[in-house]
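Report on the structure given below.
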Amino acid sequence: MEKIGFIGLGRMGLPMASNIIKGGYSVFCYDVVASQLQAAIANGGHKCSSIAEIVAQSDIIITMLPNSAIVREVIATGAEALLSTAKSGQLIMDMSTVSPETTDFIATSCVEKGVEFVDAPVGRLASHADNGQSLFMVGGSKDGYQRVLPLLELMGSDIYHCGAQGAGTRTKLVNNFLAISYCQMNAEALSLASGFGLDLDSTLDVLYGTTAVNGQLKIAWPAKILSDDKAPGFTIDLAHKDLSLVVEAANSQRVSMPMAAAAREAFSLARSRGFGGEDFSAMLDVQCDLNQLKPPRLATGSKYKPG
C-alpha cells in the first residue's frame, strides 16, 4: 500500500485526509496552522514538520490549498517546494481550485522532474467532504488516474476522468460558473417575489415545476439560506475567487462571458458589504438588503424545509 502525503488540512482538506486514514493508508500530514495539523494527528495521521519531510515519507502527495499563488509556491517555486526534493516515480495530485495556467505550469514542472501529476479539483461542499461524498473532476494520464482512483474513492462518491492534465481544472471552472451564478439569479428571483409579497412555498411550487429550477434552488437553498442557515459550506469570498478565475481564464481564451462578469461584480458588492464570510447562498440576503426587503424564509412546517 502506497504512503500518502497530504498538504493543506483546511475545512475541506482535513476530512479528506481523515477519510484516507480510515481507508487504512499511512497518511503523512502537513499544514501551517498548528490546530489543523493536530486535528489530523488526532485522527490517525502522522505529523510532518516540513514539506521536505512529506516528500521523504510519501509515494503520492496530495495538495489542497487556497489559491494559485500558494499552489505554485508549495509545489514548484518556493524555497522548500515539493519538486525541489521530489523523486522520479512519485505522484503529485493537486485538488485545489486554481487557474488553468497554474495547473499547466505545475504539470510541466513535474514532467521535468519525472514526477507524475494529476489535477483533481473538488465539487460539492465541506459537508460532503465530511461524509466522503465529494465529486472529483480529474485530469491526468490513464496510469496516473488509476493510481489515485483508490484514494479518490475514499474521499468521494462521484469521480470523473475528464481528460489529460489540466482537464480537471478547466471542468471545475465550467461547473463553478454555473453553480455560483445560479445563486445570484436565485437571489434576484426570490427578492423579486418578496417585493411582490408572494408566498414562498407557492413560488417554489411553480419554480420547481418548470425549467426555471436549478440544483442550488431545489437542493442546496432549502437546507441553507431558506432555513436561515448562513454557516459557510462555501463562502461568498471563495465564490468570488472562483468567478475571478472563470473570467480571467475566459479572457485568455477570448471567450466572452458577460454573465460571469456580472455575477462576479455582484459577489464583489456582497464582499464590500461585509457578507464575504457567509455561505454563498446568503446572496439572497445581500439582494434583499440592497432593496430593503425582508429575506424570505421557509416557515415551520413547510414541505420544503428539511427534517
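The values are calculated or read from the model by the stated rules, or taken from the named source; none is laboratory data. This structure is a prediction, so every number in the text was calculated from the model and none was measured. Virtual Cβ from ideal backbone geometry, glycine too; neighbours counted across all protein chains shown.
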crowded, with 17+ Cβ neighbours inside 10 Å and either within 21 Å of N175 (Cα to Cα) or in contact with a strand residue (DSSP E or B) (Cβ under 6 Å, 6 or more places away or on another chain) (or both), is that true of F275?
-> no
Within region 13-30, is there a residue that is basic (K, R) and over 22 Å from G156 (Cα atoms)?
-> no
Considering residues that are more than 18 Å from V55 (Cα to Cα) and surrounded by fewer than 17 Cβ atoms within 10 Å (Cβ to Cβ), the number found within region 12-40 is 7
Within region 189-242, can you find the residues that are part of a helix (DSSP H, G or I) and basic (K, R)?
-> K218, K241
Would you mind finding the one in L135, L151 that is in a strand (DSSP E or B), under 20 Å from the mean Cα position of the chain (by Cα) and in contact (Cβ under 8 Å) with a residue 12 or more places away in the chain?
-> L135
All-but-one check, P66 against (1) modelled with pLDDT under 95; (2) more than 27 Å from C162 (Cα to Cα), failing number (2)
Within region 111-118, can one find any residue that is buried (at least 18 other Cβ atoms within 10 Å of the Cβ) and under 17 Å from the mean Cα position of the chain (by Cα)?
-> yes
Kindly check whether there is at least one residue in region 104-122 that is small (G, A, S) and part of a helix (DSSP H, G or I).
-> yes
Restricting attention to region 182-202, the residues that are surrounded by 12 or more Cβ atoms within 10 Å (Cβ to Cβ) and either touching a Lys or Arg at 6+ places or on another chain (Cβ under 6 Å) or of a type in the set (G, A, S) (or both) number exactly 6
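Matching residues to (1) under 19 Å from the mean Cα position of the chain (by Cα); (2) within 19 Å of K305 (Cα to Cα):
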| site | (1), (2) |
| --- | --- |
| G197 | no, no |
| V206 | no, yes |
| G209 | no, yes |
| L226 | no, yes |
| F234 | yes, no |
| D242 | yes, no |
| E248 | yes, no |
| Q253 | no, no |
| G276 | yes, no |
Evaluate the following for Y25: is it of a type in the set (F, W, Y) and under 23 Å from the mean Cα position of the chain (by Cα)?
-> no
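Matching residues to (1) surrounded by fewer than 16 Cβ atoms within 10 Å (Cβ to Cβ); (2) of a type outside the set (A, V, I, L, M); (3) on the phi > 0 side of the Ramachandran plot:
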| residue | (1), (2), (3) |
| --- | --- |
| L204 | no, no, no |
| G209 | yes, yes, no |
| V213 | yes, no, no |
| K224 | no, yes, no |
Selection count, region 249-275, where residues are touching a residue at least 24 places away in the same chain (Cβ under 8 Å), more than 18 Å from T97 (Cβ to Cβ) and outside any helix (DSSP H, G or I) = 1
So which residues in region 18-49 are within 21 Å of V74 (Cβ to Cβ) and of a type in the set (D, E, K, R), if there are any at all?
-> D31, K47
